[in-house]
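Notes to accompany the following structure.
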Amino acid sequence: MIYLDYGATSFHKPPQVYRAAARAMASCASPGRGGYAAAMEAQRWVYRCREAAGRLFDCQPEQTVITTSCTHGLNIAIRSLIKPGMKVVISGFEHNAVVRPLHALGAETVVAGRRLFDWEDTLEAFRKALDQGAEAAVFTHVSNVFGYILPVEEMAAACRQRGIPFILDAAQSAGVLPVSLEKLGAEFIAMPGHKGLLGPQGTGLLLCRGSGEPLLYGGTGGASRPREMPRELPERLEAGTMNVPGIAGLTMGLDYVLRRGPEDIFRQEHRCLERCVSMLGKRGLRVFSGPHQAGTVSFLPGMDCEDAARRLAEQGIAVRAGLHCAPLAHESAGTAETGTVRLSFGFDSRPEQLSHLERALSRAGI
Ligand code: PLP
């Protein structure tokens, strides 16, 4: 199978990730729950994970809250920063993991910047919306549907200049693009552990500038007497038993990214993307591509998108079709009625795989 669905999860992992997760199941008890060897071993993995994340994302280990997914982190961040009725600016490319928590909370959202691959439009619309009474902003770094890399450094600066707090959704950028809590000045940055950070599913990270409000209340291993959750991070936001095998795997994924460097991973994905865009274009398909694009591309197959994805699966190519949990992004691009077929590359994708994809497209009648 040729796996081209890294936007959903990095189904392939470096071998050390599988090994660490399996070893942790055999050797780790619960961290912070005892001074015996198996509990201490778990504690060490948790600390190594926070430390590696701190090095990659320019923050302190204590500012790294371990979550179960990017959605989990975004829910904590949104519940902490945003109150019902607040006016919140979002980009035109947000995932439901941003749109739905804001809707559930009763926030008033203003969508700013709907043109793909157009930094000028994105920035102009974003700044204008901030100046019209915005109280907070939430935006994605990279569109999960189209691979559009938003100008987040400039968007962050626009928020800082106006004193407007913001949350960054780094679901599609963590591990492939520079992300710095310190430089961006975000209140929170949420990310999955299981995509570009190459950890197991069921892992995520939430980087926190200051404190936050718990989404879950319960035991944290220490300071058991008070009825309230501890005030200190990361424990304040980490009630319940931790996913230690997942955290051990994630630590090795972070380690891989730190050793290889996100720039090198991005370069490899981008080489695949460029060849892919050119090949799809030559076939006369409508391809969504432009400057500021990461290793993800959407196209219209000239038939029902789900049908096209099913035919490609029969040819051994794994892709995702439909709305990709991001109807807002599809509305922005004018594809809300049809959806698209999405190809997303990852750390081990190779340009040679594109000739297989090309043959599969021909056999599938696309
Ligand atoms: N935000 C974006 C842009 C995403 O692409 C995704 C997942 O596809 C999420 C949030 C949610 O991530 P998770 O599945 O880890 O909750």
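For region 152-261, run through the GluC sites (Glu not before Pro) and keep only the ones in DSSP coil with at most 11 other Cβ atoms within 10 Å of their Cβ. Let's see the in-between values first.
Values: sites: 153, 154, 182, 187, 228, 232, 235, 238; in loops: 187, 228, 232, 238.
Of the GluC sites (Glu not before Pro), the ones in loops of region 152-261 whose Cβ has at most 11 other Cβ atoms within 10 Å are 228.
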Across 192, 226, 14, the residue with the highest GNM fluctuation in the chain (Cα network, 10 Å cutoff) is 226
Counting only residues 5 or more apart in sequence or on a different chain, those whose built amide H sits under 5 Å from that of residue 317 are 2
In region 242-343, the GluC sites (Glu not before Pro) that sit in a DSSP loop and have at most 14 other Cβ atoms within 10 Å of their own Cβ are 337
Residue by residue through region 183-198, the couplings from Karplus 6.51 cos²θ - 1.76 cosθ + 1.60 with θ = phi - 60°, in Hz, x for Gly and Pro, are 6, 6, x, 6, 6, 9, 10, 9, 7, x, x, 9, 10, x, 8, 6
Per DSSP, the loop-located trypsin sites (Lys or Arg not before Pro) within region 185-248 having at most 15 other beta carbons within 10 Å are 227, 231
Diffing region 173-180: the Karplus 3J(HN,Hα) column from phi (6.51, -1.76, 1.60, θ = phi - 60°), in whole Hz with x for Gly and Pro, holds 10, 4, x, 10, 10, x, 9, 10
Sorted by chain and number, the residues with a modelled amide H under 5 Å from that of residue 140, at a separation of 5 or more or across chains, are 91, 169
Counting Lys and Arg as +1 and Asp and Glu as -1 over every other residue whose Cβ sits under 11 Å from the Cβ of residue 267, the net charge comes to -2
Note to self, the chain gives a 222 nm [θ] from helices alone (DSSP H runs n ≥ 4, -39500 (n - 2.57) apiece, / all residues, nearest 500) of -13000 deg cm²/dmol
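Roughly to the nearest percent, how much of the accessible area of region 15-260 is carbon and sulfur, given a 1.4 Å probe?
Details: 5180 of 10210 Å².
After summing per-atom areas, the C and S share lands at 51 percent.
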Measuring from its Cα centre, the chain shows a charge dipole (+1 at each Lys and Arg Cβ, -1 at each Asp and Glu Cβ) which, in debye to the nearest 20, is 680 debye
Correct response: the longest run of the chain lacking exposed chymotrypsin sites (Phe, Trp or Tyr not before Pro), defined by DSSP loop and at most 12 other Cβ within 10 Å, is 37-216
For region 95-167, the Debye formula with one identical point scatterer on each Cα and no solvent gives log10 I(q)/I(0) at q = 0.15 Å⁻¹ as -0.49
Check: in the chain the Lys pairs 8 or more apart or on separate chains whose Cα atoms fall under 28 Å apart number 7
As a percent rounded to 5, the proportion of antiparallel DSSP bridges among beta bridges in the chain is 50 percent
Which residues qualify? For residue 67, with a placed amide H closer than 5 Å and at least 5 residues away or on another chain, they are 204, 205, 206
Simple SL model, points at 7 angstrom along Cα→Cβ for residue 121 and residue 47; separation in nm is 5.1 nm
Note, region 59-70: 3J(HN,Hα) by Karplus (6.51, -1.76, 1.60, θ = phi - 60°), whole Hz, Gly/Pro = x, goes 8, 7, x, 5, 7, 9, 8, 8, 10, 9, 5, 5
When the chain is treated as a Gaussian network with springs between alpha carbons less than 10 Å apart, the largest mean-square fluctuation among 191, 303, 155 is found at 303
Out of 327, 178, 214, a Gaussian network model of the chain with alpha-carbon springs under 10 Å gives the largest mean-square fluctuation to 178
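How large is the dipole of region 253-351 about the Cα centre if only Lys and Arg carry +1 and Asp and Glu carry -1, each at its Cβ, rounded to the nearest 20 debye? Mind showing how you got there, number by number?
Details: 13 positive and 12 negative charges, 77 e Å.
That gives a dipole near 360 debye.
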If the chain between residue 153 and residue 228 were fully extended at 0.36 nm per residue, the gain over the current Cα-Cα distance would be 23.3 nm
Given Cβ charges of +1 for Lys and Arg and -1 for Asp and Glu, the option among 219, 148, 184 whose Cα lies farthest towards the positive end of the dipole of region 15-260 is 219
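Using only Cα atoms, figure out Rg for the chain and give it as a multiple of 2.2 N^0.38 Å. Don't skip to the end; give the middle numbers.
Numbers: Rg = 20.7 Å, N = 366, 2.2 N^0.38 = 20.7 Å.
For the chain, the normalised Cα radius of gyration is 1.00.
Averaged per residue, what accessible area in Å² does region 75-128 show with a 1.4 Å probe, protein chains only? Could you put the intermediate results ahead of the total?
On the way: 2430 Å² over 54 residues.
Using a 1.4 Å probe on heavy atoms only, each residue of region 75-128 averages 45 Å².
The values are calculated or read from the model by the stated rules, or taken from the named source; none is laboratory data. On a predicted model such as this, the values are computed, not experimentally measured, just so you know. Positions of Cβ are backbone-derived with ideal geometry, glycine not excepted, and every protein chain shown enters the neighbour counts. To get the accessible areas, we keep the full protein, side chains included, count just its heavy atoms, and leave off ligands, DNA and RNA. Shrake-Rupley method; radii C 1.70, N 1.55, O 1.52, S 1.80 Å.
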